[in-house]
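Engineer: This structure is in structure tokens; I'll ask about it shortly.
Each reported figure results from applying straightforward, stated rules to the coordinates on display, with no laboratory input. Note that the structure is predicted; figures quoted are calculated from it, not measured. Note: ideal-geometry Cβ built from the backbone for every residue, glycine included; neighbour counts use all protein chains shown.
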Amino acid sequence: MSDAPNSQSIQRRGLMLVLSSPSGAGKSTIARTLLEKDKGLSLSVSVTTRQRRDSEIEGVHYHFVSETEFKRLRDSDGLLEWAEVHGNFYGTPREAAEQALSEGRDMLFDIDWQGALQLQDKMAADVVSIFILPPSFEELRARLNRRAEDTAEVIEKRLANAAEEMSHWGEYDYVVVNEDLNIAFSSVKSIVDAERLRRDRRPGLFGFIESLSKGS
């Protein structure tokens, strides 16, 4: 029996899938569905200085650290991206991400455009960035109202922020308009599947091609 490598076992470097969108465009739903259906994808677990809520599990939802520890990681280049939100710090640990990529595991990052730019600056070859747009501003407003999760004041603030966020669409590799959720999800999944097959993400191809050329 031949011991030639199987095409499905070709060594591959993982990718960093970045999803961004204004609130209400459907990013979280697409991300959740991806994680449910694609077992090769895992959510990046951020570090935060925010207090843990009773419903949250350390290492699952976040890694909860002190502000001193967070700043140590930040100042020693231990974070790939970070931000301060409402007085709390959030960031992506470099070590865990680099280990996952080297092992061929793909990571999903549900972050805003500022975090996406930081990741692209530090890990450009590994990042696949997708911006999710609503079909219209009117539909975005309607979706936020249908969620019935926020006050009218908060909704208007989210809409005001959306205009700024959407202005950064040109900084992403791909743009998906979420008019129909199933179609938008299929588009995102197709992007992931294609990016996994990129030649430069598959160092194991060298050995595979060599075995073919030898007729193994």
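Engineer: Taking the condition of being of a type outside the set (V, I, T) and closer than 20 Å to Q118 by Cβ, how many residues in segment 48-85 meet it?
Structural biologist: 20
Engineer: If the requirement is being within 18 Å of the chain's Cα centre (by Cα), among the small types (G, A, S) and not in a helix (DSSP H, G or I), which of these qualifies: S42, S28?
Structural biologist: Every option except S42 fails the conditions.
Engineer: Also: Can you name the condition, by its number, that E138 falls short on among (1) free of Cβ contacts under 8 Å to residues at least 12 places away in the same chain; (2) surrounded by 13 or more Cβ atoms within 10 Å (Cβ to Cβ)?
Structural biologist: Condition not satisfied by E138: (2).
Engineer: Which pairs have Cβ atoms under 8 Å, sit 6 or more apart or on different chains, and link a residue in segment 18-47 that is in contact (Cβ under 8 Å) with a residue 12 or more places away in the chain and more than 18 Å from A97 (Cα to Cα) to one that is of a type in the set (D, E) and not in a strand (DSSP E or B)?
Structural biologist: Between residues of segment 18-47 that are in contact (Cβ under 8 Å) with a residue 12 or more places away in the chain and more than 18 Å from A97 (Cα to Cα) and residues that are of a type in the set (D, E) and not in a strand (DSSP E or B), the close pairs are S20/D112; S20/E165; S21/E165; P22/E165.
Engineer: So, one more: Of (1) in a loop (DSSP other than H, G, I, E, B); (2) touching a Lys or Arg at 6+ places or on another chain (Cβ under 8 Å), L80 satisfies all except one. Which?
Structural biologist: Exception for L80: condition (1).
Engineer: Are any of the residues in segment 193-213 in a loop (DSSP other than H, G, I, E, B), under 19 Å from L41 (Cβ atoms) and either aromatic (F, W, Y) or in contact with a helix residue (DSSP H, G or I) (Cβ under 8 Å, 6 or more places away or on another chain) (or both)?
Structural biologist: So far as segment 193-213 goes, no, none of its residues is in a loop (DSSP other than H, G, I, E, B), under 19 Å from L41 (Cβ atoms) and either aromatic (F, W, Y) or in contact with a helix residue (DSSP H, G or I) (Cβ under 8 Å, 6 or more places away or on another chain) (or both).
Engineer: Moving on. Go through segment 66-88 residue by residue and tally those that are more than 16 Å from the chain's Cα centre (by Cα) and under 30 Å from V192 (Cβ atoms).
Structural biologist: Start the filter on segment 66-88 by keeping residues that are more than 16 Å from the chain's Cα centre (by Cα), which leaves 66-78, 84-88.
Now narrow it down to the ones that are under 30 Å from V192 (Cβ atoms): 73-74, 77-78, 85.
The qualifying residues number 5.
Engineer: Would you mind telling me which numbered condition in (1) over 29 Å from K39 (Cβ atoms); (2) in contact with a Gly (Cβ under 9 Å, 6 or more places away or on another chain) P135 fails?
Structural biologist: Exception for P135: condition (2).
Engineer: Working only within segment 130-148, note down all residues that are within 13 Å of G26 (Cβ to Cβ) and assigned to a helix (DSSP H, G or I).
Structural biologist: Matches in segment 130-148: E139, L140, A142, R143, L144, R146, R147.
Engineer: Part of a helix (DSSP H, G or I) and in contact with a Pro (Cβ under 8 Å, 6 or more places away or on another chain) - does that describe any residue in segment 182-189?
Structural biologist: Applying the first criterion (part of a helix (DSSP H, G or I)) to segment 182-189 yields 182-189.
Retained after the next criterion (residues that are in contact with a Pro (Cβ under 8 Å, 6 or more places away or on another chain)): none.
No; the residues of segment 182-189 include none that is part of a helix (DSSP H, G or I) and in contact with a Pro (Cβ under 8 Å, 6 or more places away or on another chain).
Engineer: Something else about it: Scan segment 89-129 residue by residue and report those that are part of a loop (DSSP other than H, G, I, E, B) and more than 12 Å from the chain's Cα centre (by Cα).
Structural biologist: E103, G104, R105, M123, A124, A125
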